[in-house]
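Every read-out reported here was derived from the displayed coordinates using simple, explicitly stated rules and does not represent laboratory data. Keep in mind that this is a model prediction, so the values were computed, not measured. In this analysis, Cβ positions are derived from the backbone assuming ideal geometry, glycine residues included, and neighbour counts consider all displayed protein chains.
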Amino acid sequence: MIDQLANALNFSQQALALRQERHEVLASNIANADTPNYLARDFDFGSELEKALERGRRERTEGLALQRTSVRHIPGQGPPLRSPLDESLLYRMPAQPSLDGNTVEMEQERTQFLDNAMRYQVGLNLTTGRIQGLKGAMQPE
């Protein structure tokens, strides 16, 4: 039963986590808008979500196993360690390069930041609604 609940919420969990990570990347770009030679970064949300979901599928079959010192111990299994997102960060090509080498374009960053924030909020609302629906289905009548 718990596995089914975890599977039902896996997509939402992965999507919200990636939205949060993208929010941090975009906020970093905005914070460094005046830093000379700063290169704006971002990642492809769709492909990263696919990778995260595939990682989630593998985690159920693979994972970190704890070494038991007695056969009477309960076997422990956890998810494998995640690789950092830094490997997937891409550099943005500016439409109007600046003289100081900074590639942050504030209008584009603000637009991406607001779009990501709205999508995060929508995902959070959908997840909350789904949890409420599951809770309602489990309540005795």
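Things worth noting here:
- Helical mean residue ellipticity (222 nm; -39500 (n - 2.57) per DSSP H run of 4+; nearest 500) of the chain: -20500 deg cm²/dmol
- Rounded to the nearest whole Hz, the Karplus-based 3J(HN,Hα) values (6.51 cos²θ - 1.76 cosθ + 1.60, θ = phi - 60°) of the range 67-74 follow the sequence 7, 9, 9, 9, 5, 7, 6, 6, with x at glycine and proline.
- Of VAL122, VAL71, VAL25, the residue with the greatest mean-square motion in the GNM of the chain, using alpha carbon springs below 10 Å, is VAL71.
- Whole-Hz ³J(HN,Hα) from phi, Karplus 6.51 cos²θ - 1.76 cosθ + 1.60, for the range 105-121, glycine and proline x: 10, 4, 5, 5, 5, 4, 4, 5, 5, 5, 4, 5, 5, 5, 5, 4, 5
- In order through the range 9-26: 3J(HN,Hα) via Karplus (6.51 cos²θ - 1.76 cosθ + 1.60), integer Hz, x for Gly, Pro: 9, 4, 4, 4, 4, 5, 5, 5, 5, 5, 4, 5, 5, 5, 4, 5, 5, 5
- For peptides 98-104, 126-132, sequence by mean Cβ density within 10 Å, most packed first: 98-104, 126-132
- Amide H contacts under 5 Å for ASN102, placed H, 5+ residues apart: ASN37, TYR38
- Cα-only radius of gyration and Dmax that characterise the chain, units Å: 20.3, 68
- Farthest positive-ward along the chain dipole, Cα basis, beta-carbon charges - from LEU26, PRO75, GLN96: PRO75
- The charge dipole of the chain, taken about its Cα centre with unit charges on the Cβ atoms of Lys, Arg (+1), Asp and Glu (-1) only, comes to about 820 debye.
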